[in-house]
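Accompanying notes for the structure given below.
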Amino acid sequence: GLTGWISGFSEEEGTARPTTGGLRIGKAMPERKVSEPYDDRLEWDQDGQYYHYLTKWMHALNRVSRVTGSMIYNRWALELAKTAHERFTYNPGSGGRKRMYWKMSIDLSYPLVSSMGQHDPLDGYITYLQLQAAAAADVDERGRSVLRDEIAEMTSICEEQNWSTSDPLGIGGLLGDAFKIGQLIFRKNLDEIRLLEMLIDASLPSLETFAGQQPFQLPADHRLAFRELGLCIGLEAMDKLLLMMAENPDRFGRNILLANQVQSLRRYGSLIETIKSFWLNHSHPQVASWMAHQDINEVMLATSLAPDGYLIL
């Protein structure tokens, strides 16, 4: 099999800068070659790199920096952000603003899935802000913020996008992103109140639509645990967001509509226990839908039981 760093660095330089070439998914099947036909079913099991996995790694590295006090992990996250942004974004041949690929080859030389994930630009933008806030003292050779250009380009990609979704994992992501932005507004004085409003505006009707479908009446083998648990984790953030807003009116203004919308989201807080208790039932993790995604299901269940390590910046 292949050995060495994806970046092509020597062993010594690769060890010092392990994220510069990105991070492969680690699927059991090899990636699809350029000459091979696309198969929607097989692609899920084939290797490569996903942008939305890379943003999770950036977040994790940033959290390690904050917990340990060592900025080397945030710098690795910054290098990963620069690499991912350069390779996953592209100018469409028809002109217009940049777009993003959903999945790339392991060496990031060609796209495996050319469509753009609905929330990938949003995840990228917020994650870049998070990394930049932690690296305020870091500048490039011209004295500019390290991710200045990437943040500007992601702002453009995000324009006029619709964030509403019926996917519980996507809804949970919106709620988690709203709390991240709230923390950056509070702690770093970022001027992002409008983005916070947009995320809450998208989350409320999305959650109302999803809950109205009565998805929790389905048997375990017709449900995907990691998607429901993602919603659970996002809902855990709403109490924290509302408390932060109430205690810091100077940072958030006296936005009664926003506060009322967050209160409306909190009405769905009972779903947290509904979801967790269902998947903690010893019989449900034995069904095929759990076993097919066991690794991510276990990670998401553990995170839902102790969400602060993930949610709090």
Which members of segment 96-109 meet the condition of being in a loop (DSSP other than H, G, I, E, B) and either open to solvent by less than 40 Å² (accessible area, probe 1.4 Å) or in contact (Cβ under 8 Å) with a residue 40 or more places away in the chain (or both)? Arg97, Lys98, Tyr101, Trp102, Ser105, Ile106, Asp107, Leu108
Tell me, yes or no, whether segment 110-122 has at least one residue that is small (Gly, Ala, Ser) and either in contact with a helix residue (DSSP H, G or I) (Cβ under 8 Å, 6 or more places away or on another chain) or part of a strand (DSSP E or B) (or both). yes
Pairs, first within 12 Å of Phe186 (Cα to Cα) and in contact (Cβ under 8 Å) with a residue 60 or more places away in the chain in segment 238-259, second among the polar types (S, T, N, Q) and open to solvent by less than 30 Å² (accessible area, probe 1.4 Å), C-beta under 9 Å, six or more apart: Leu241/Gln183; Met244/Gln183
For segment 167-199, name all the residues that are at pLDDT 95 or above and outside any helix (DSSP H, G or I). Asp167
Could you grab the pairs with beta carbons closer than 6 Å, sequence gap of 6+ or different chains, first residue in segment 263-279 and more than 16 Å from Leu224 (Cα to Cα), second one surrounded by 15 or more Cβ atoms within 10 Å (Cβ to Cβ) and of a type in the set (Phe, Trp, Tyr)? none
Looking at Gln217, Gln286 in this structure, which one is open to solvent by 70 Å² or more (accessible area, probe 1.4 Å), polar (S, T, N, Q) and over 22 Å from Ser166 (Cβ atoms)? Gln286
Would you confirm, using the coordinates I've provided, whether Arg266 is touching an Asp or Glu at 6+ places or on another chain (Cβ under 7 Å), at pLDDT below 95 and either open to solvent by 40 Å² or more (accessible area, probe 1.4 Å) or not basic (Lys, Arg) (or both)? yes
Return yes or no: is Ala84 under 18 Å from the mean Cα position of the chain (by Cα), open to solvent by less than 60 Å² (accessible area, probe 1.4 Å) and more than 20 Å from Asp295 (Cα to Cα)? yes
List pairs: first in segment 153-168 and small (Gly, Ala, Ser), second at pLDDT 95 or above and open to solvent by less than 50 Å² (accessible area, probe 1.4 Å), Cβ under 7 Å, 6+ apart or cross-chain? Ser164/Ala202; Ser164/Ser206; Ser166/Ser206; Ser166/Phe210
Residue count for segment 269-283, restricted to those that are surrounded by fewer than 18 Cβ atoms within 10 Å (Cβ to Cβ) and of a type in the set (A, V, I, L, M): 1
Select from segment 289-313 the residues that are among the β-branched types (Val, Ile, Thr) and open to solvent by 50 Å² or more (accessible area, probe 1.4 Å) and list them in ascending order. Ile296, Val299, Ile312
Answer with yes or no whether Ser203 is among the polar types (S, T, N, Q) and open to solvent by less than 40 Å² (accessible area, probe 1.4 Å). yes
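The values are calculated or read from the model by the stated rules, or taken from the named source; none is laboratory data. What you are looking at is a predicted structure, and each value in this text was computed from that prediction instead of being measured. Neighbour counts run over all protein chains shown; Cβ positions are idealised from the backbone, glycine included. What goes into the accessible areas is simple: the full protein's heavy atoms, side chains included, and nothing from ligands, DNA or RNA. Shrake-Rupley method; radii C 1.70, N 1.55, O 1.52, S 1.80 Å.
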